[in-house]
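Report on the following structure.
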Amino acid sequence: MAEPITGGCQCGAVRYRCDGFGRASICHCRMCQKAFGSFFGPLVTAKGLVWTRGEPKIFASSNKVGRGFCAECGTPLTYDWGGEVEVSLGSLDDPERAPPVVQVNPHDKLSFVDGLSALPTVNSADTPEGAAFMAGVESRQHPDHDTDVWPPA
């Protein structure tokens, strides 16, 4: 039996489950850039989406699209154009399950995006300062699985 498909926001106030995926995409439109605070919006159609804890707040980013997000922590969660709702790949408990298969709205694609993989990579934990910082981090982020109660007592 396949693992259930679950996800939610960073703080754990909103959680969801779905039965399967449709097409996973990367959207380069300016609205997705702003909604995600990033270079693009990674989304996947969520078949049989149900909210298992809380529900997202909706912002009508246009006359045709509602974008769901957690009102507590701000995590982008959904894109609803009036058809099947899409969820943000980063909100999935296991984003590896939905690799993007297409890029859409290339007219707004930022000029440097295609060169990102050529940038040098720095692992901050490889420096004494970075390692000390990382050793002192105490995550308050919801774990990547369902919990009966959150936050923990």
Practice problem: Please list, in chain and number order, the residues 5+ apart from G22 or on another chain whose amide H is under 5 Å from its amide H, with Hs placed from the backbone. | Solution: T45, A46, K47
Exercise. Give me the net charge of L92's neighbourhood, meaning all other residues with Cβ under 14 Å from the Cβ of L92; Lys, Arg count +1, Asp, Glu -1.
Key: -4
Quiz item: Nearest 20 debye, what's the magnitude of the dipole of the chain about its Cα centre given +1 on Lys and Arg Cβ and -1 on Asp and Glu Cβ?
Solution: 640
Quiz item: Near V14, within a Cβ-to-Cβ distance under 15 Å, what is the net charge of the other residues, with Lys and Arg +1 and Asp and Glu -1?
Solution: -1
Quiz item: What are the ³J(HN,Hα) values, in whole Hz, obtained from phi via the Karplus relation 6.51 cos²θ - 1.76 cosθ + 1.60 with θ = phi - 60°, for each residue of the stretch 124-138 in sequence order, with x given for Gly and Pro?
Solution: 4, 6, 7, 9, x, 5, x, 5, 5, 4, 4, 5, x, 6, 10
Self-check item: Of A46, A132, A98, the one that fluctuates the most in a GNM where the chain has Cα springs shorter than 10 Å
Solution: A132
Quiz item: Top mean-square fluctuation among D114, D126, D19, Gaussian network model of the chain, C-alpha springs under 10 Å?
Solution: D126
Practice problem: Show the residues, 5+ positions off or on another chain, whose built amide H is closer than 5 Å to the amide H of L77. | Solution: G68, F69, C70
Exercise. Of the options V149, A135, S111, report the single residue whose Cα projects farthest towards the positive end of the charge dipole of the stretch 67-153 (beta-carbon charges: Lys, Arg +1; Asp, Glu -1).
Key: S111
Quiz item: If R0 is 25 Å, what FRET efficiency do you get for N63 and R97 from their C-beta distance, rounded to 0.05?
Solution: 0.15
Quiz item: Residue by residue, what Karplus-based ³J(HN,Hα) values in Hz, rounded to whole numbers, does the stretch 39-48 have, using 6.51, -1.76 and 1.60 with θ = phi - 60° and x for Gly and Pro?
Solution: 7, 6, x, x, 9, 9, 5, 9, 6, x
Quiz prompt | Residues of the stretch 4-35 with amide N under 17 Å of the 7 Å Cα→Cβ point at E72 | solution = 7-17
Quiz item: Where does each of 99-105, 64-70, 4-10, 86-92 land if you order them by average Cβ count within 10 Å, highest first?
Solution: 86-92, 4-10, 64-70, 99-105
Exercise. Just subtract the alpha-carbon distance of V122 and E3 from 0.36 nm times their residue separation and send over the number in nm, one decimal.
Key: 39.5 nm
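All of the numbers you see were taken from the coordinates with simple rules; none came from a lab. Since we're looking at a predicted model, the values are computed, not measured. Heads up, the Cβs are rebuilt from the backbone with ideal geometry, glycines too, and the neighbour counts pull from every protein chain shown.
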